[in-house]
Structure formats: structure tokens, C-alpha cells
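Worksheet for the structure shown next.
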Amino acid sequence: MHLQVSNVSKSFGEGRDRKLVLEDISFELVSGQFMALVGSSGSGKSTVMRLIAGLERPSAGTIHLDGEQVRRPGSDRGMVFQKYSLYPWLTAAQNVAFGLSLQGRGKAEIRERTAYFLDVVGLADAARLLPRELSGGMQQRVAIARALATEPKVLLLDEPFGALDLQIRESMQEFLHDLWKTTGLTALLITHDIEEALLLAGTVHIMAPRPGRIVHTVSVQLDRSDLRHLRVSQPFLELREELAGRLRSLDGSLL
Amino acid sequence: MVRSPALRRFLHHPWVLGVLGILMVFVVWFLTTSSGMVDKLFLPGPGAVWQAGTDQFQQGILVKDAIASIQRVFLGFVISAGLALPIGIAMGTNLTICYLLEPLMGLIRYMPAPAFIPLLIIYFGLEELPKVMLIFIGTFFFNTLMIMDAVKFVPSELVETALTLGGRGLPILTRVVAPFIAPQVLDTYRINMASAWNLVIVAELVAANEGLGKRISLAQRFLRTDEIFVGLIVIGLIGLIIDLGFRFLMRRACSWAN
Ligand SMILES: Nc1ncnc2c1ncn2[C@@H]1O[C@H](COP(=O)(O)OP(=O)(O)OP(=O)(O)O)[C@@H](O)[C@H]1O
Ligand SMILES: [Mg+2]
């Protein structure tokens, strides 16, 4: 798997209302990599993700997935939104099965895969529950299972834990890390939480707003065998402070 | 006042309170008429109305009238609801269609449907067609615009998720949009069914050979206030049953929405 984002710019609106939202974004993502985009609100993170998902088209530049230009949404790029994305009339299992059945897979295959991916996210017992009967964290795990069930080449996560409270957030971060380790998935995570980015991603891009652009890239080499320990370890805290300082100065220079 | 908690809970049950409210009116009605203060010709007592009702029932008039009215409503409303669904969805999903039709429908919607009756009689005579048309005109635009609104409120995340799962075109409509709007569509139908039911009576008051509205206007001619009351009560009851039917359907089919 090779995702290549090359010199992508995006503007919305026409004429005088035209607004440049992304300017000259370039990066690459390869199999098994976990990458994060961090930036303050309005720096265009979601727009980057929507461009990769094919939900928007770039104004300039190209996006290629395994050599093929991205022109429309497709199941090779799974997406998880911040909220409101489970189908409220379907049970957890039916939500996970949704993509498979849209693709017209056989009944037996759907059943088997649904059970497998519900199990992967630790929700085998919740198969028959409706989304409103699930906690926020469980809902996001179902959304992740649903995106994984169609076996995308890359998983796009747009602030998947942004709406959760702190404790659940931390356990979901550990969950996502374990999932990445066990399944070897390729992920692009959007967040405005530096700690979350450093904890999970091997590469972190820092984005600045107006227009959105990547201003700094860190490759994170930390021992991730115990996330809870890592969170409070000295090198982690120092790195976090350094990046937080950078983000602050970005915001400060705009005031 | 009420000591026993069980009794209190019983008295606060919505059904009990509802029946109590209706009973109150009956008691007042009964007391005023039995006191002899008002002329029976103006306000017949509950007993007289019941008598008139059972008479009509035994003669078969009541059932025949009810069936005639229900048929008209049913026909007109099924056509209205059936056309409003695809057109409303099209308007809600396609901006061009929306811009094209919304002002037109918004305008017609504010023309009172009963005002179309003279025109419909001139065009289609006194048979069934003008009455069915009236119900169609009176409900179609409301149905369509309300369904359009429901479609516009489908969260974009739900549609976009389906797109990223490999969905496209018609399956998105049938498997994402349709189930999401189903509760609102049922509720739209329930609300507009009430005006359909009102309109059929209005149409029958003006011109019809049979029907509950027709029976009321006949009763007026012969000063049979008891029969007018029978008509009013039966119309109300049938409307209530239809309403409860929609609510029941909604609870069964869209339990996720409650
Ligand atoms: N469809 C659109 N039309 C016009 N402007 C848009 C559109 N989508 C995004 N924008 C603008 O682009 C800018 C970046 O938006 P985007 O949602 O990508 O930022 P973000 O970094 O994800 O922010 P947040 O952290 O709040 O989610 C914002 O100023 C937003 O108003
Ligand atoms: Mg965003």
C-alpha cells in the first residue's frame, strides 16, 4: 500500500468568496504506518482527510493510492468520523455488516466477518444492541469495526475520540494502539491532541491554519510497550511540551 | 388529596386522564340537556344522539356513509403520499429540483384547498374524482415539502460513511436515506391525514350523494341536530383511530427512533 499526497491545494467558494483552505500539502503513507495530523481548529485537517477519502476533489495537486489517482470515495479507504456515524436503526452487528452487504458479499461471509470484527474490537456481546444502547466509546469501536470489515488499505480517523470524555479517551487510545499492533493496519489519524498523536503515531505532521499547511514533521521513536507508562515518561513529556510550544507560537503569531 | 399511592398512580395514567377529560364533557352535556334549560331541538341529550346513531347503524346508512368517506380519503391520500415520497426525496437530495419546485409548492401550499372546490366541480362534476382531487391538492404539497425537509436533515456523515464503504447511487437512497427519514415520513402522513379527513367532510358538505359530510348537511336541512351530532362524533372517532394506527405503525416499524 502506498498513499501519495502531492502538492495538494484546496479552496472553497468562488470569486471574492474564494478561500484557500489547504496550500501545497505533500506526504506519503506506506503499509503498516501510523501517521497523525495535528493542528488547531480550522487548519484544514478534516479537509485533507476528505480529499483522501474522495469526498472532495483537490483544487490543485494529486492524490494517488497504489499508483491510481483518487477520484471518488471507495471502500479501499475506510473512514471513521468524530460522531453521528452509526446507522441508528441498525444493531451493532448490522452496522459492521453494512459495508459488506453494500458490496453484495454472501450471507455466510458477512456473518463470519461481522462476528470476527466485532470480536476484534471487543464487542462480541453487544452484537444485538442498537447504537443508542451503546456508550460513546463502544459506538466508536463499532464504527472502527465497520470500517475495517471491508478491509480498506488505509483507515482514516477524523478525531475519532474527540467527543469522548478523558478516561474513555485514554482507554480508546490504548485500544487503537493494540488494534494497530495486532492487525497491522495502516492509519491516518486526525487530532488536535498532541499527546494522542505522539502516543499512537510514528510520524506526526503539525499543521498551521490560514491557509492550512504542514509546517513541521516529527518522526516519533518511543518505546510503546506500555502506553500508560509512556504517557508520564520524561522523553514523552519533553517532546509533547516542545510540540505544544510550536503550536502555541503558530497560534500566537496569528493574533 | 388522594392518599393511596397506587390509586394516585392510576389517576395520573395518561389514558385515565384522557378518558376523564372526555367524560367531563359528557357529564356537562348530560346535565345541561336533562335539566331542560335548553331546547332539545338545539341540543339533544346523549341518549337521543345514541338513539339516532343506532337507528342509522341499523338502517345501514352509517356504515355506508363511513365507507364512502374513508374510500375517498384513502384514494386521494394514497396517491398524494405515493407521489410525495419520490418527489420529496428528489427535492431533498437534488438542489436543482429543489430550487425549481420549492417556490411553486410553497405558493400552492398556502392556497386553501377548500377554495379549489368550485373549480373542481366545474372541471370534474359531482362524482368521486373532484373529491379525490381535493384531498390530493390539500395534502400533496405539505407531504412533499415535509418529506423534503426530512431528507435535508439526514446527517451527511451517514451518507458519506456509506460512500466510503463502497456504496453508490440508489442503494444510498434505499438503505441510508429511506430508513433515516421513515419515522418523519410516517409522522408527516399522520399529521396530513388529519387535514385529508377534514377536507373530505368539507367536500361532502358541498356536493355528494353519500358520506358522513353529506349526512350532516342533510340533517341540517331537516333540523336533525341529533344526527349532526352522530356525524361529528363518528368523524372524530374514525380520525382518532387513524391517528392511533399511524402511531402504532411508527412504534412497531421505527422503534429505534424513540
Ligand atoms: N465545504 C466547505 N465549504 C467552505 N469552507 C469549508 C468547507 N469545508 C471546510 N471549510 C473551511 O475550511 C477550513 C478548514 O476546515 P477543516 O474542517 O478542514 O478544519 P479542521 O482542521 O478539521 O478543524 P477542526 O479541528 O475544527 O475539525 C475552515 O475554515 C472551514 O470553514
Ligand atoms: Mg475537523
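Every number in this text was worked out from the coordinates using simple rules, so none of it is lab data. The shown structure was predicted, so the numbers you read here are calculated from the model rather than taken from an experiment. Glycine gets a Cβ as well: all are built from the backbone with ideal geometry, and neighbour counts include every protein chain shown.
A few points about this structure:
- Matching residues in the stretch A:141-165 - criterion: being surrounded by 18 or more Cβ atoms within 10 Å (Cβ to Cβ) and within 16 Å of ligand 1 (Cβ to nearest atom): A:Leu156, A:Leu157, A:Asp158, A:Glu159, A:Pro160, A:Phe161, A:Leu164
- Among the residues listed as A:Ala92, A:Ala126, the single one being buried (at least 17 other Cβ atoms within 10 Å of the Cβ), within 21 Å of the chain's Cα centre (by Cα) and small (Gly, Ala, Ser): A:Ala92
- Residue check, A:Ala163 within 13 Å of another protein chain (Cβ to nearest Cβ), within 15 Å of ligand 2 (Cβ to nearest atom) and touching a residue at least 12 places away in the same chain (Cβ under 8 Å): yes
So that you can scan it fast, the table gives a plain yes or no per residue for (1) more than 10 Å from ligand 1 (Cβ to nearest atom); (2) within 14 Å of chain B (Cβ to nearest Cβ):
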residue	(1), (2)
A:His2	yes, no
A:Ser9	yes, no
A:Gly15	yes, no
A:Ser26	yes, no
A:Gly32	yes, no
A:Ser40	no, no
A:Gly44	no, no
A:Ile52	yes, yes
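For (1) within 8 Å of chain B (Cβ to nearest Cβ); (2) part of a strand (DSSP E or B); (3) not aromatic (Phe, Trp, Tyr), each residue gets a yes or a no:
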site: A:Ile63; (1), (2), (3): no, yes, yes
site: A:Arg71; (1), (2), (3): no, no, yes
site: A:Gly78; (1), (2), (3): yes, yes, yes
site: A:Lys83; (1), (2), (3): yes, no, yes
site: A:Leu86; (1), (2), (3): no, no, yes
site: A:Asn95; (1), (2), (3): no, no, yes
site: A:Phe98; (1), (2), (3): yes, no, no
site: A:Arg105; (1), (2), (3): no, no, yes
site: A:Ala108; (1), (2), (3): no, no, yes
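- Condition check for B:Ala162: touching a residue at least 12 places away in the same chain (Cβ under 8 Å) and either in a helix (DSSP H, G or I) or among the charged types (D, E, K, R) (or both): yes
- Subset tally (residues that are surrounded by fewer than 16 Cβ atoms within 10 Å (Cβ to Cβ) and either touching a Cys at 6+ places or on another chain (Cβ under 6 Å) or closer than 26 Å to B:Leu232 by Cβ (or both)) for the stretch B:75-89: 1
- Here A:Leu156 fulfils each of the conditions (1) within 16 Å of ligand 2 (Cβ to nearest atom); (2) more than 14 Å from chain B (Cβ to nearest Cβ); (3) under 13 Å from the mean Cα position of the chain (by Cα) apart from (2).
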